[in-house]
1. When the range A:229-261 is examined, which residues are found to be free of Cβ contacts under 8 Å to residues at least 40 places away in the same chain and farther than 19 Å from A:Met201 by Cα?
2. A:Leu204 passes all but one of (1) more than 28 Å from A:Val408 (Cα to Cα); (2) part of a helix (DSSP H, G or I); (3) at pLDDT 95 or above; (4) more than 14 Å from DNA strand B (Cβ to nearest atom); which number fails?
3. What number of residues within the range A:288-310 satisfy the criterion of being in contact with a helix residue (DSSP H, G or I) (Cβ under 6 Å, 6 or more places away or on another chain) and either among the small types (Gly, Ala, Ser) or crowded, with 21+ Cβ neighbours inside 10 Å (or both)?
4. What residue, of A:Thr113, A:Thr125, is away from DNA strand B (no atom under 12 Å from the Cβ) and surrounded by fewer than 22 Cβ atoms within 10 Å (Cβ to Cβ)?
5. Determine which single condition A:Leu362 fails, assuming it passes every other condition in (1) assigned to a helix (DSSP H, G or I); (2) under 23 Å from the mean Cα position of the chain (by Cα).
6. For residues that are within 16 Å of DNA strand B (Cβ to nearest atom) and not hydrophobic (A, V, I, L, M, F, W, C), tally how many sit in the range A:84-105.
7. Return only the number of the condition from (1) part of a helix (DSSP H, G or I); (2) within 16 Å of DNA strand B (Cβ to nearest atom); (3) more than 25 Å from A:Ala468 (Cβ to Cβ); (4) not β-branched (Val, Ile, Thr) that A:Gly387 does not satisfy.
8. Does A:Gly387 fit the bill of being surrounded by fewer than 20 Cβ atoms within 10 Å (Cβ to Cβ), under 21 Å from the mean Cα position of the chain (by Cα) and within 16 Å of DNA strand C (Cβ to nearest atom)?
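The values are calculated or read from the model by the stated rules, or taken from the named source; none is laboratory data. Keep in mind that this is a model prediction, so the values were computed, not measured. As a convention, Cβ positions derive from the backbone with ideal geometry for all residues, glycine included, and neighbour counts pool all protein chains shown.
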Amino acid sequence: MRHYLDELNDVQRAAVTTTEGPVLVIAGPGSGKTRVLTYRIAHLLEQGVAPWQILALTFTNKAAREMTERIERVVGAKAKEVWAGTFHATFARILRAEARAIGYPSSFSIYDTDDTTSLLRRIITQEMGLDPQQYSPNALRSRISLAKSNLITPALYRTNERLLEEDRQARRPYVADIYERYVARCKRAGAMDFDDLLLQMHYLLQNHPDIADKYRRRFCYVHVDEFQDTNHLQYAILHLLTKYPGSPENLFAVGDDAQSIYAFRGATIDNMLNFSKDFPRRQIFKLEQNYRSTHHIVTAANEVIAHNRRQLPKTIWTARTDSYKVRLLRCLTDDDEARRVVDLILEQKNRFHLRNSDIAILYRTNAQSRKFEEQLRRQNLPYRVFGGLSFYQRKEVKDFLAYLRLAVNPYDEEALVRIINNPARGISVTTVYKLGQHAQVNGLTLWEAMTGAELPERARKAVSNFRALVESWQRRAAVEDAYSIAADIYRQSGLLAALKSDVSNEEGIGRLENTNAVLDAIAEFTAQAKNLASLEEQGSADSSLAAYLQTVSLLTDADLADDHADHITLMSAHAAKGLEYRSVFITGMEEHLFPSYFSLETPGGLEEERRLFYVAITRAKELLTISYALSRYRNGQLREASPSRFLGEIGRDHYENLGGIGSRRIAAEPARATVSGNFSRPTPAQRPSILTDDFKPSPPEDIVPGVRVRHLKFGEGIVQSVEGARENRIATIRFSGDDIPERRLVLRFAKLMIV
DNA sequence: TGACTGTGGGTTTTT
DNA sequence: CCCACAGTCA
C-alpha cells in the first residue's frame with residue numbers, strides 16, 4: 001500500500017509535515033486543500049498525538065463530516081475522536097459544558113434568523129413603538145450581527161461615531177437601543193443567536209483564565225478550513241486559543257483569498273494578512289496546481305479573477321490540457337434559459353455518459369431555481385434543490401421544534417410565542433399581548449408572566465392549563481431521553497391531531513410527513529447517542545432533548561442530503577463552494593443579477609461578486625456552460641437584462657458561443673466544429689456493425705424498460721430505463737458483450753429494433 | 001375567537 | 001411572484 005505522504009506533491013507534503021508552529025496554506029481551487037488538511041491531521045495521529053488534542057474547524061457540517069471520513073480512511077476509527085466540526089457547533093458544545101460560568105442555562109436555546117427577526121420585530125413595534133418600515137427587522141438583524149462579529153457590544157455601539165453617523169444617515173437613531181434590548185431579551189430567554197455562540201465563546205476564553213487554560217491545553221493543534229471566510233470575531237477566538245505566553249502557536253489555517261465570498265456577513269481577508277503580523281514565525285505554503293479542472297476552465301477563471309485589485313499573488317495552473325471550451329448560452333428569457341439548459345443536460349448526459357450527480361446548475365439567487373425545476377420535472381430528470389426554504393424553516397417543523405425547545409427551556413420566548421396558541425387552545429392574540437405587557441412592566445419573561453398577569457377567567461384558565469402541560473414536559477425532559485419525551489409532546493400538544501385533521505391536500509400531507517420525519521430523526525439521534533454512550537467509557541454522548549436541539553439548530557438542508565442518490569444538483573453559487581462537478585451550468589449571468597444589483601452600491605461589492613463567479617467557474621471539472629437571458633421575470637414582470645460584465649472578462653480563446661437567441665437546434669448540435677483542437681474526446685469504441693437484412697427501427701415510444709432491442713452497431717441489449725420526455729427521451733441500455741456497461745441513447749436519433 | 005381575504009411590501013448570499 | 005400582516009366576517 002502506498003504511504004499517504006506519497007500521495008502528495010512537494011508543497012502539499014511540506015505543509016502536512018510542518019506540524020509545529022503557525023502555518024498558513026494559501027490553496028487555490030482544486031489544489032488539494034482538503035487533502036492537505038486531512039492528511040496533516042492523519043499525520044499528527046500517526047505521530048502519536050491524541051485525537052482529542054486536535055481541533056478542526058469548518059464552516060459547514062458537511063465539510064466537517066467529510067474531513068472525519070477522510071481521516072478515518074487513513075488512520076481508522078480514532079479519527080472519530082478528533083474534534084472536527086463547525087465553529088458554531090463546536091463552540092455550542094463547549095458552551096453547553098461551561099454555560100454556568102457565563103450565566104446561561106446549559107440547555108440554552110439557539111435562536112435562528114427567523115427567531116431573531118421576529119424578536120426584533122416585537123421589540124421595535126411593541127416595546128419601542130417604532131415604525132417597522134423605518135426600522136426594518138431584517139436590516140436591524142444584519143446590522144446587529146455585523147456589530148457582534150466585530151466585538152462591538154451595545155455599549156461600544158453607543159460610542160462608535162461611525163456607526164451612529166451611519167444610523168443617523170439612514171434615519172434610524174435608535175438602533176443602539178434596539179440592539180441593547182435585543183441582547184437583554186435573548187439573555188433573559190436563555191437564548192443565543194448564531195453570533196452569540198461565537199461571542200460567548202470569546203467572552204469565556206477572555207474572562208475565565210481557568211477555562212481558557214483548560215481548552216488551550218486540550219487543543220494542542222488547531223486547524224481552520226476556509227480561513228478566508230472567518231470574521232473578526234472568529235479570528236479573535238482562534239487567537240485566544242492559540243496565542244498566549246509560552247504557547248506553541250500551533251494554528252494551521254487553510255484558505256484562498258480569491259474565494260472569499262462572505263464579506264457581506266463580516267468575513268474579512270484581513271485575517272489572512274493579519275496572520276503574518278500576529279504570528280511572525282508563521283510558514284506560508286502556496287498550493288497552486290489545480291488538479292480538478294481542465295485548461296480552458298482554469299484559464300477562464302484566472303482571467304476573471306485578474307480583474308480584482310485586492311488579492312494575494314499566486315498562479316493557478318493545471319496540467320490537464322484536454323478540454324472543451326467554456327460554452328456561452330444566450331437566451332431569450334428565463335424560461336428559454338431553463339429549457340435550453342435542460343436540453344443541454346440531456347445532450348451531455350448522452351454524449352459524455354454523465355450521471356445526474358455529475359451535473360450542477362448554479363445561480364446567484366435561490367429564487368432562480370424554480371424555472372429549472374419545472375423543466376427538469378418535465379423531462380423526468382431527478383434533481384435536488386439545496387438552500388432556499390430549508391426543511392428546518394418550514395412552519396410545521398419549526399412549530400414542533402418550538403414545543404421541544406420550550407420543554408427544555410421555558411424562558412425561550414420565541415418558542416413560546418410561536419406555539420402558545422398553535423394549535424388553537426383559547427389563548428388569543430389579546431391575551432398574549434397582555435402577558436407581554438405584564439412581562440415588560442415587571443421585567444419578567446413571558447413564561448413567568450403567565451402566572452401573574454390579570455386575565456379574564458376563560459383566558460386565565462386556558463393559560464394555566466397550557467402552562468401545566470408544558471411543566472409536565474419540562475420535568476420529564478430533564479430525565480428522559482429525547483425520543484420518549486418528543487413522541488409524547490407530539491401527541492399531547494395536539495400537533496399530531498391538528499396535522500392529521502388536515503390531509504385533504506398535498507400540502508397537508510406534506511406537513512404531516514415533515515413533522516413525522518422530525519420525530520424519526522429524533523429517534524435516530526437518541527439511538528445513536530445511546531449507542532455512543534455505551535461505547536465511550538466517559539459516557540459523554542448525550543441523548544437528552546437539550547442535546548438534540550442544540551445539534552438540530554445548527555443543521556442546514558445540506559446536512560440532510562442523501563449523497564448516494566443520483567440527482568442533478570441545483571444550488572446557489574455560494575452553496576457550491578468546496579464542491580465539484582464534471583459539468584457545471586452557471587446561469588443568470590446578467591447585470592444586476594450576477595453581479596447583483598446590491599453589490600454595486602457596496603464598497604468592495606463588485607470584487608466579492610467576481611470572487612463568487614470565480615468560485616462558480618472553478619467548480620467545473622470538464623464542462624462549463626454559462627447562460628444568460630435577455631429578459632427575465634422579476635417581481636412578476638418581465639424586465640430587460642444585459643449580459644454580465646464578467647462575461648467580457650473571459651478571453652475569446654476560452655469560450656464559444658452556443659447559437660443565437662432561441663435557436664434551440666444549435667444547442668443540440670454536436671459542438672465538434674467549435675471545440676478547440678487539442679483534446680481527446682471520449683469516443684465510444686468502434687465495433688463492427690452487425691449486419692441484418694431485416695432491421696426495421698421500432699418507433700421510439702415502444703422502447704420501454706425491460707424490452708429487448710437490437711442496435712446496428714452495439715448488438716442486442718435490454719432497456720434498463722428511460723428518462724426525459726417526448727423528443728428528448730433517453731434510454732439506458734445494457735448491450736451484451738459491449739465493453740461499456742451501459743449506453744445512453746437519445747431515442748429520437750438511435751435506431752433500435754425490438755426483438 | 002378563529003378563519004379567510006386583501007393589501008402591501010420585499011426581493012443576495014448563510015452558520 | 002410570494003410572503004406576512006392587517007382587517008373583516010362568521
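1. A:Pro245, A:Gly246, A:Ser247, listed by residue number.
2. So A:Leu204 meets the others, but not (1).
3. The total comes to 6.
4. A:Thr125
5. Looking at each condition in turn, A:Leu362 falls short on (1).
6. Number satisfying all stated conditions: 6.
7. (1)
8. yes
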